[in-house]
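See below for the structure under consideration.
The values are calculated or read from the model by the stated rules, or taken from the named source; none is laboratory data. A quick note: this is a predicted structure, and the numbers were derived from the prediction, not measured. FYI the Cβ positions are ideal-geometry reconstructions off the backbone, even for glycines, and counts take in every protein chain you see.
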Amino acid sequence: MNEIWAGILSAFRLIFALDADLVEITLRSLQVSLTALIIASLIALPFGTWIAIRRFRYRRATIATLNALMGLPPVVVGLIVYLLLSRSGPFGVLGLLFTPTAMIIAQVIIITPLIASITHQAMRDLWAEYHDLLISLNTTNRQRIITLIWDGRRALLTAALAGFGRAIGEVGAIMIVGGNIDHATRVLTTAIALETGKGDFELALGLGFVLIALALAVNFAIHALTKTEREGRW
Amino acid sequence: MIRLLAFLGLFATPLAAEQMKLAVTTSFHNSGLSEVLLPAIKEDTGLDVQLLVVGTGQALRLGEAGDVDAILVHSKAAEEAFVADGFGTHRREIMYNDFVLIGPEADAAGIQTAETAAQALTQIAEAEASFVSRGDDSGTHKKEIALWVDAGFDAESFGGWYKQVGAGMGASLNTASGLSAYILSDRASWLNFGNKGDLALLFSGDAVLFNQYAYLPVNFRRHDHVNAKAAEALENWLTSDKAETLINAYTIDGQGLFVFNATP
């Protein structure tokens with residue numbers, strides 16, 4: 001128990017002293033995970049909506065696969081991205097291994113199925129409501145997808161936040177493809193793993209509380225910006 | 001087109017100093033010596049050395065694939081094979097430290113009074129006292145296996161008291177601390193380790209526990225993107241008088257950790 005208190009105190013010390021290293025790795029965590037979230041959302045939101053409204057031959061198989069991919073093990077994703085980006089791999093000439101870009105690629109792969117799957121669940125119900133209206137207005141597929149995404153934006157926000165949560169707390173994949181290089185690819189989660197390895201639980205726990213606070217702050221900020229849960233709206 | 005270039009520019013890292021990637025072992029990094037050497041290297045040569053902290057096995061793999069420019073590891077046989085197979089240009093010895101046997105203060109196997117490392121390990125095996133092994137193909141793990149062989153044992157045949165955790169030095173020490181088990185560690189990692197619990201340094205000083213670190217530049221003929229110039233500049237610095245002074249002067253709790261032994 002003492003160690004947990006020491007960890008909380010250490011977190012406050014780190015935050016109030018605005019430790020330069022802490023600010024740097026926190027900003028990098030945000031940069032990597034938010035970029036991954038934006039890219040994944042651009043892919044997953046239209047895709048999840050599309051499979052909710054379209055009927056095609058392998059639809060059930062696609063949905064089942066998508067749901068299964070929600071549990072994609074990050075370590076395996078990391079290893080595959082690592083092998084692809086390694087100098088001796090197919091994309092080695094790009095020189096992307098051990099850069100924040102490599103970490104973003106791995107996180108996009110991990111969170112896209114999660115966001116697409118939650119999007120699909122939410123859009124399926126909304127589509128049942130909008131089906132007759134949108135068909136009778138003779139809308140194109142593109143118009144239907146845009147309408148559903150706009151009117152279902154609250155549910156999609158949940159999907160995106162779930163994706164962000166998985167990205168910001170992820171360590172297995174980014175450790176492998178980022179390499180945890182100081183001042184280059186070190187983020188909060190890999191720094192926590194490193195400090196735990198050194199047996200410095202106090203600092204590791206301090207960084208952990210900073211990470212939790214960061215996740216809370218991002219969620220509050222997004223809710224405030226999109227004005228959810230206010231009187232008269234939901 | 002201009003917009004595209006501006007967009008790409010956002011992702012490019014500013015190239016203030018020349019960068020190179022060096023794979024080092026966890027034991028070297030945990031010692032804290034890198035935090036003394038890297039700023040001095042930057043100051044003298046302008047090199048921005050990015051450290052990838054991995055086990056010796058993975059460091060060698062990174063070098064084989066050409067993902068780093070040089071490696072600094074401690075496993076002589078594997079290093080010589082690395083150079084013989086043409087993955088590295090040559091092997092240069094830089095410094096050494098030593099391995100120590102850590103265990104619970106109560107010392108059920110009584111290794112404190114052992115004469116040699118082989119005898120200490122024999123006592124642990126005979127007492128079947130809990131022993132944590134790195135089990136990650138690192139330099140320390142390879143050393144431990146070799147020590148068991150010297151003592152006349154086959155680590156594969158051990159029972160449940162021999163636990164292979166497959167983790168880095170710090171994580172393995174955490175496990176040993178939790179289990180009050182014996183473990184082989186390099187001295188630097190042990191002194192810097194923060195969660196000692198009831199563990200203590202029980203045995204050290206045998207010449208077979210000697211731990212030589214060597215620097216191996218990755219073969220630029222195999223991988224033309226390798227920054228051979230930076231790797232050479234770093235090698236020259238690591239074998240310089242300044243490096244000798246810094247390495248020999250580095251202490252934790254008043255104990256010297258590394259002994260510089262590069263030949264000019």
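Inside region B:92-116, can you point out the residues that are among the charged types (D, E, K, R), out of contact with any Lys or Arg (no Cβ under 7 Å at 6 or more places or on another chain) and closer than 21 Å to residue B:141 by Cα? Residue satisfying the conditions is B:93 alone. If I go through region B:110-156 residue by residue, how many of them are within 21 Å of the chain's Cα centre (by Cα) and hydroxyl-bearing (Ser, Thr, Tyr)? Counting residues in region B:110-156 that are within 21 Å of the chain's Cα centre (by Cα) and hydroxyl-bearing (Ser, Thr, Tyr) gives 3.
List pairs: first residue in region A:35-58 and crowded, with 19+ Cβ neighbours inside 10 Å, second residue acidic (Asp, Glu) and at pLDDT 95 or above anywhere in the structure, Cβ distance under 8 angstrom, at least six positions apart or on different chains. Sorted first by the residue in region A:35-58, then by its partner, the list stays empty. On inspection, residue B:107 qualifies as surrounded by fewer than 23 Cβ atoms within 10 Å (Cβ to Cβ), acidic (Asp, Glu) and more than 16 Å from the chain's Cα centre (by Cα). Do we have residue A:55 as basic (Lys, Arg) and either part of a helix (DSSP H, G or I) or closer than 22 Å to residue A:190 by Cβ (or both) here? For residue A:55, the condition - basic (Lys, Arg) and either part of a helix (DSSP H, G or I) or closer than 22 Å to residue A:190 by Cβ (or both) - is not met. Anything in region B:61-76 that is in a helix (DSSP H, G or I) and within 14 Å of another protein chain (Cβ to nearest Cβ)? List them, or say none. Once the filter is applied, which keeps residues that are in a helix (DSSP H, G or I) and within 14 Å of another protein chain (Cβ to nearest Cβ), region B:61-76 yields B:61, B:62, B:63, B:64, B:65. Take the residues of region B:50-59 that are buried (at least 24 other Cβ atoms within 10 Å of the Cβ) and not in a loop (DSSP other than H, G, I, E, B): which is nearest to the other protein chains (Cβ to nearest Cβ)? The residue in question is B:54.
When A:185, A:196 are checked against the criterion of being buried (at least 23 other Cβ atoms within 10 Å of the Cβ), within 14 Å of chain B (Cβ to nearest Cβ) and either polar (S, T, N, Q) or more than 23 Å from residue B:166 (Cβ to Cβ) (or both), A:185 stands alone in meeting it. Inspection of region B:209-226 finds no residue satisfying the criterion of being surrounded by 13 or more Cβ atoms within 10 Å (Cβ to Cβ) and without any contact (Cβ under 8 Å) to a residue 60 or more places away in the chain.
For the condition away from chain A (no Cβ under 14 Å), closer than 21 Å to residue B:59 by Cβ and in contact with a Phe, Trp or Tyr (Cβ under 7 Å, 6 or more places away or on another chain), residue B:212 qualifies. Condition check: in a helix (DSSP H, G or I), more than 10 Å from chain B (Cβ to nearest Cβ) and surrounded by fewer than 16 Cβ atoms within 10 Å (Cβ to Cβ). Does residue A:102 satisfy that? It is false that residue A:102 is in a helix (DSSP H, G or I), more than 10 Å from chain B (Cβ to nearest Cβ) and surrounded by fewer than 16 Cβ atoms within 10 Å (Cβ to Cβ).
Residues in region A:70-99 that are more than 24 Å from residue A:160 (Cβ to Cβ) and not in a helix (DSSP H, G or I): A:86, A:87, A:88, A:89, A:90, A:91, A:95, A:96, A:97, A:98, A:99. Once region B:172-195 is narrowed to residues that are in a helix (DSSP H, G or I) and surrounded by fewer than 19 Cβ atoms within 10 Å (Cβ to Cβ), the residue that is nearest to the chain's Cα centre (by Cα) is B:175.
Counting only residues that are touching a strand residue (DSSP E or B) at 6+ places or on another chain (Cβ under 8 Å), among the small types (Gly, Ala, Ser) and closer than 15 Å to residue B:121 by Cα, region B:141-183 holds 2 of them. Of all the listed residues (B:235, B:156), the sole one being surrounded by fewer than 16 Cβ atoms within 10 Å (Cβ to Cβ), at negative phi and in a helix (DSSP H, G or I) is B:156.
Restricting attention to region B:88-116 and to residues that are part of a strand (DSSP E or B) and among the hydrophobic types (A, V, I, L, M, F, W, C), the residue that is farthest from residue B:210 (Cα to Cα) turns out to be B:102.
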